[in-house]
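Enquirer: Got a structure for you, questions after.
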Amino acid sequence: MSALAHIHRMTDDVGDGTLFAKIASDIRETGYSINPCALPPSLVHSLSSHLAVMDEEKFNAAGIGRDKEHMSNSFVRRDSICWINGDAAAGRQWLDWTGRLKTYINRKLILGLFSFESHFAHYSPGAFYKRHVDAFRGEANRVLTMVVYLNPDWTADDGGELVLYTSDTDQEGIKVVPAMGTVVVFLSEEFPHEVLPAYRDRFSIAGWYRVNSSTTDRIDPPR
């Protein structure tokens, strides 16, 4: 590692500690954490560079549900996704970073987070994802949702906001501009949310920390 790279890593580590502490504190106090442009710059650069050279054929139309219940539904969502498995260097860096956050959250909040899954998401102009929740109460699968944005020079006029609703009855919500490096984390069961249509291509990573709900005849999480 070069001296410059070492300095960047040290700077990122300091920033990670501050960000991790804020996320844990926010989750404890409100159940959600919104952090504009907070992802470490070296990780933002790595993920963005990888995304720029990815083959479009790696992205598939996203669906809803899991296993036998999984289906495409263009009325609900129109994004396309590519799962992150760590084959590429950028994916490994991402999974290392999210793994360190998992360790920190478990130590501070004792949530019993066990595994993490995530994918790149591409919303073409006009694509959306209607209001939904990432986990149903009592199913004990997805515990924390994380969304990271990879959109340079994004403005409010470009649309595509995440709308995070603070309750089932909330109709206004909190709008989050999907600007480069913004990190959003929230309790998966507690916060309905949606993605509004964008006016340009919109890229993000969506991920979920899960507890271990495996049984003798079922491995969790499934693919």
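Enquirer: Put a dot 7 Å past each Cα toward the Cβ at residue 59 and residue 96; how far apart are the dots in nm?
Expert: Going from the residue 96 label point to the residue 59 one covers 2.7 nm.
Enquirer: Rounded to the nearest 0.05, what FRET efficiency is calculated for residue 124 and residue 211 with R0 set to 35 Å and r the Cβ-Cβ distance?
Expert: Calculated transfer efficiency: 0.55.
Enquirer: Still on this structure, I have one more. At 0.36 nm per residue, and after removing the present C-alpha to C-alpha distance, how many nm does the segment from residue 103 to residue 26 gain when stretched out fully?
Expert: Here the segment from residue 103 to residue 26 would lengthen by 26.1 nm.
Enquirer: According to a simple spin-label model (label point 7 Å from Cα along Cα-to-Cβ), what is the distance in nm between residue 18 and residue 132?
Expert: Spacing of the two 7 Å Cα→Cβ label points: 3.5 nm.
Enquirer: Run the quick spin-label model on residue 45 and residue 115: label points 7 Å from Cα toward the beta carbon, then report their separation in nm to one decimal.
Expert: 3.4 nm
Enquirer: In sequence order, what are the phi-derived ³J(HN,Hα) couplings for the range 117-127 according to the Karplus relation 6.51 cos²θ - 1.76 cosθ + 1.60 with θ = phi - 60°, rounded to whole Hz, with x for glycine and proline?
Expert: My calculation for the range 117-127 gives 10, 7, 8, 6, 10, 10, 10, 6, x, x, 6 Hz in order.
Enquirer: If packing is taken as the average count of other Cβ atoms within 10 Å, what order do 130-136, 172-178, 143-149, 54-60 fall into, highest mean first? Intermediate results must be reported in sequence, preceding the final value.
Expert: On the way: 130-136: 14.7, 172-178: 16.4, 143-149: 23.6, 54-60: 10.9.
In descending order of packing, they fall as 143-149, 172-178, 130-136, 54-60.
Coordinate-derived values only; no laboratory data. Every value quoted in this text rests on a predicted model; they were computed, and no experiment measured them. Glycine gets a Cβ as well: all are built from the backbone with ideal geometry, and neighbour counts include every protein chain shown.
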